[in-house]
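The values are calculated or read from the model by the stated rules, or taken from the named source; none is laboratory data. Remember, it's a predicted structure, so these values are computed and weren't measured experimentally. Methodologically, a virtual Cβ is constructed for each residue, glycine included, from the backbone with ideal geometry; neighbour enumeration extends over all protein chains shown. Heavy atoms of the whole protein, side chains included, go into the accessibility calculation; ligands, DNA and RNA do not. Shrake-Rupley method; radii C 1.70, N 1.55, O 1.52, S 1.80 Å.
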Amino acid sequence: MSAHESMEHAEHAQHAGGENKKIALLIAVIALCLALSETLGKGAQTEAISKNVEASNLWAFFQAKSIRRTTVQTAAEQGKLGLATAPDDAAKAALQKQIDDWQKTAQRYRSEPDTGEGSEQLAERAKHAEHDRDEATAKYHHFELASAAFQIAIVLASATIITGIITLAWVAGIVTLAGVAMTVLGLFQPHLLHLH
């Protein structure tokens, strides 16, 4: 090998080393994006599970309140039937007072704005928790797709170092941008694309 060929070989190796550093930097940036999307995805997944449990609990409480209200309303209706057969005015008055109490209790079971534990308020709270759950689930799907895109981009960029085919690095960059777009959609417009 002549001195001139040795110099060309050294220059080529130096140029390849510079390209590899750029690719390594690209891989590091993609890995950072992957870590962020994975973290956001886990947070959204946890939120979705938490809101699903909350909605289930609220619907169970709603059901219990509805059953209690129905039971009390039935007792009040039964009491009304007993008014006609009450033996005297004192018994009628006592029974009417009990009926009135049952009706007040039934109304309280229906709507209790002070505590938020009437069946109407519980249904509203459950629907809100379901909405939050659906929002978190939509975000989670976007972050999962973004993570997949970043993983593919890392593989493509790594293949560039091994093969020397610079086109793979460009494709990795494009796939990374798609992952960034999915992450941004997940953060700000999770229902723009219907992914579930």
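For the range 167-181, how many residues are in contact with a helix residue (DSSP H, G or I) (Cβ under 6 Å, 6 or more places away or on another chain) and in contact (Cβ under 8 Å) with a residue 60 or more places away in the chain?
Final tally of qualifying residues: 4.
Which condition number in (1) modelled with pLDDT under 95; (2) assigned to a helix (DSSP H, G or I) is the one that residue 196 fails?
Tallying (1) modelled with pLDDT under 95; (2) assigned to a helix (DSSP H, G or I), residue 196 fails exactly one: (2).
Condition check ((1) in a helix (DSSP H, G or I); (2) closer than 28 Å to residue 194 by Cβ; (3) not acidic (Asp, Glu)) across all residues:
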{"position": "136", "(1), (2), (3)": "yes, yes, yes"}
{"position": "139", "(1), (2), (3)": "yes, yes, yes"}
{"position": "144", "(1), (2), (3)": "yes, yes, no"}
{"position": "148", "(1), (2), (3)": "yes, yes, yes"}
{"position": "151", "(1), (2), (3)": "yes, yes, yes"}
{"position": "157", "(1), (2), (3)": "yes, no, yes"}
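Within the range 60-69, does at least one residue satisfy the condition of being modelled with pLDDT under 95 and more than 30 Å from residue 182 (Cβ to Cβ)?
No, the conditions are met nowhere in the range 60-69.
Which is among the charged types (D, E, K, R) and under 22 Å from residue 28 (Cα atoms), of 112, 144, 135?
Selected residue: 144, the only one of 112, 144, 135 that is among the charged types (D, E, K, R) and under 22 Å from residue 28 (Cα atoms).
Can you name every residue in the range 51-87 that is open to solvent by 40 Å² or more (accessible area, probe 1.4 Å) and hydroxyl-bearing (Ser, Thr, Tyr)?
Correct list: 56, 70, 71, 74, 85.
So which pairs qualify, if the first residue must be in the range 124-148 and at negative phi, the second must be of a type in the set (D, E, K, R), the Cβ gap must be under 7 Å, and the two must be at least 6 apart or on different chains?
These pairs meet every condition: 129/51; 129/54; 132/51; 133/51; 136/47; 136/51; 147/38.
Considering only the range 100-149, how many residues are under 23 Å from the mean Cα position of the chain (by Cα), buried (at least 16 other Cβ atoms within 10 Å of the Cβ) and not hydrophobic (A, V, I, L, M, F, W, C)?
The total comes to 14.
Please go through the range 150-196 and pick out each residue that is among the aliphatic types (A, V, I, L, M), under 27 Å from the mean Cα position of the chain (by Cα) and open to solvent by less than 20 Å² (accessible area, probe 1.4 Å).
Correct list: 153 only.
Tell me, which residue of the range 28-49 that is without any contact (Cβ under 8 Å) to a residue 40 or more places away in the chain and open to solvent by less than 70 Å² (accessible area, probe 1.4 Å) is farthest from the chain's Cα centre (by Cα)?
If we take residues in the range 28-49 being without any contact (Cβ under 8 Å) to a residue 40 or more places away in the chain and open to solvent by less than 70 Å² (accessible area, probe 1.4 Å), then 28 is farthest from the chain's Cα centre (by Cα).
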